[in-house]
Amino acid sequence: MLATAETAKTMPGTSDDEVFPTGREHLVLVGVSGWATGVELTLGDAATVIGRSSTCDLQLLDDHISRQHARVSRVPDEDRPGHSFVVIEDLKSRNGIRVNGRRVVRAVLDGGDMIHLGRSTLRLDRRDD
């Protein structure tokens, strides 16, 4: 039912302390419905690509999702060290993305926002240390 890249749950060869130093917020995409159900993907510094392709960071085998559907990126908040903005952008997908029910091409996400891609829904969680 769920197909994700191996990195979706664990980054081999690293510990949480190496990837997320103390005092830095943890930003997690949590799958709440569809093909994404049950997935938890911690966002790192590199952009995360979501789509059907096996080359995506988060692979969702949903025929309503494009091969490379959306990109989620962290942008450092210069006013709050250790914190980031999270930006999602549509990669010219056929069916688009919705944030909290509103169709967007690009949007800044906040904790609790619901992201709808194809028949799947993800939620952005902010988990501060």
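The values are calculated or read from the model by the stated rules, or taken from the named source; none is laboratory data. Quick caveat, the model's predicted, so the values are computed rather than measured. Heads up, the Cβs are rebuilt from the backbone with ideal geometry, glycines too, and the neighbour counts pull from every protein chain shown. Heads up: the accessible areas ignore ligands, DNA and RNA and are worked out on the full protein's heavy atoms, side chains in. Shrake-Rupley method; radii C 1.70, N 1.55, O 1.52, S 1.80 Å.
Kindly establish whether G82 is in contact (Cβ under 8 Å) with a residue 24 or more places away in the chain, farther than 19 Å from V30 by Cβ, of a type outside the set (D, E, K, R) and not in a strand (DSSP E or B). Answer is yes for this residue. Residues in the range 24-35 that are modelled with pLDDT under 95 and open to solvent by 50 Å² or more (accessible area, probe 1.4 Å): W35 alone.
Please verify whether G38 is open to solvent by 20 Å² or more (accessible area, probe 1.4 Å), closer than 21 Å to R126 by Cβ, part of a loop (DSSP other than H, G, I, E, B) and at pLDDT 90 or above, treating the condition exactly as stated. Yes, satisfied. The single condition among (1) assigned to a loop (DSSP other than H, G, I, E, B); (2) charged (D, E, K, R); (3) at pLDDT 95 or above that R71 does not meet is (1). Taking the range 51-79 as the region of interest, how many residues are within 18 Å of L27 (Cα to Cα), among the β-branched types (V, I, T) and surrounded by 14 or more Cβ atoms within 10 Å (Cβ to Cβ)? So the answer is 1. Pairing residues of the range 33-51 that are farther than 20 Å from S93 by Cα with residues that are surrounded by 15 or more Cβ atoms within 10 Å (Cβ to Cβ) and charged (D, E, K, R), at Cβ distances under 9 Å and at least 6 apart in sequence or on separate chains, gives E40/D125; L41/D57; L43/R74; G44/R74; D45/R74; A46/D57; A46/R74. Taken over the range 96-120, the criterion of being touching a Gly at 6+ places or on another chain (Cβ under 6 Å) and either part of a loop (DSSP other than H, G, I, E, B) or of a type in the set (S, T, N, Q) (or both) is satisfied by R119, S120. Selection of the range 119-129 for residues being open to solvent by less than 50 Å² (accessible area, probe 1.4 Å) and under 17 Å from Q68 (Cα atoms) yields S120, T121, L122. For the range 94-118, the set of residues classified as loosely packed, with under 15 Cβ neighbours inside 10 Å and either more than 19 Å from G31 (Cβ to Cβ) or at pLDDT 95 or above (or both) consists of R94, N100, G101, R102, R103, V105, R106, V108, G112, listed by residue number. The combined condition, being at pLDDT 95 or above and surrounded by 14 or more Cβ atoms within 10 Å (Cβ to Cβ), is not fulfilled by L43.
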